[in-house]
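The structure appears below as structure tokens.
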Amino acid sequence: MNDSLARADAPVLDVWCELQCPDCRSALDDLRALRARYGDQLELRLRHFPLEKHKHAFAAAQAAEEALVQGKGWEYVEAVLGRVERLDREGEPFLVEVAGELGLDVEEFDTALIDGRHILIVDADQAEGKAIGVTGTPTYVIGGERLDGGKSQEGLRERVTEIADRLLAEQE
């Protein structure tokens, strides 16, 4: 999922995430800080990696894609991740409720979850993640380097910053 306004030549930070994952919620502060620091100099892409242990994660990934289509992808991701416990308890009705809170077209949103129009995007992200060795979330990939935040998020923001700064310096 990419709704950034990054420059065409901006380095890419892929964030393999799952919207029912408490560790991904913890990573939100890092992602906000990176977006604030780099703005359009770094393309931040949310990549879906729903885990089987979370029964609503696949629907949440599709919901995030529909929110992107309707213009509020990152806002939606942050709103859902901020209330992981409610997603655990309530499932799809909660996903639709969040869409309504953000002023999205709730009927279209609900239809998208029913007709599965975003399944291929989620499946493709998950397959690519498996192919490059993603096993948990969050996992970051930048400059060809994979950083596993599912094991520990300690020092990850600093490492991403280090790599992003190097990539940006190489462009000059």
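Points worth noting:
- Residue selected from the stretch 33-57 under the condition without any contact (Cβ under 8 Å) to a residue 40 or more places away in the chain and either among the charged types (D, E, K, R) or under 30 Å from Glu107 (Cα atoms) (or both), by the criterion surrounded by the most Cβ atoms within 10 Å (Cβ to Cβ): Ala57
- Within the stretch 127-146, residues that are at negative phi sit with their Cβ atoms under 8 Å from residues that are open to solvent by 30 Å² or more (accessible area, probe 1.4 Å) and among the basic types (Lys, Arg), at 6+ positions apart or across chains, in these pairs: Ile132/Arg146; Val134/Arg146; Gly136/Lys151; Thr139/Arg146; Tyr140/Arg146.
- Scanning the stretch 70-93 for residues that are over 16 Å from Arg25 (Cα atoms) and touching a residue at least 12 places away in the same chain (Cβ under 8 Å) yields a count of 5.
- Qualifying residue in the stretch 95-103 (condition: at pLDDT below 95, of a type in the set (D, E, K, R) and either surrounded by 14 or more Cβ atoms within 10 Å (Cβ to Cβ) or in contact with a Ser or Thr (Cβ under 8 Å, 6 or more places away or on another chain) (or both)): no
- Filtering the stretch 107-153 to residues that are open to solvent by 70 Å² or more (accessible area, probe 1.4 Å) and of a type in the set (S, T, N, Q) leaves only Thr135.
- For the stretch 145-157, the set of residues classified as modelled with pLDDT of 90 or more and over 15 Å from Leu42 (Cβ atoms) consists of Arg146 only.
- Matching option when the condition is farther than 30 Å from Gly155 by Cβ and crowded, with 23+ Cβ neighbours inside 10 Å, among Ala67, Ala60: Ala67
The values are calculated or read from the model by the stated rules, or taken from the named source; none is laboratory data. Predicted, not measured: the structure shown is a model, and the values here were computed from it. So basically every Cβ, Gly included, is an ideal-geometry build from the backbone, and we count neighbours across all protein chains shown. Ligands, DNA and RNA are stripped out before the accessible areas are found, and what is left, the full protein with its side chains, is counted by its heavy atoms. Shrake-Rupley method; radii C 1.70, N 1.55, O 1.52, S 1.80 Å.
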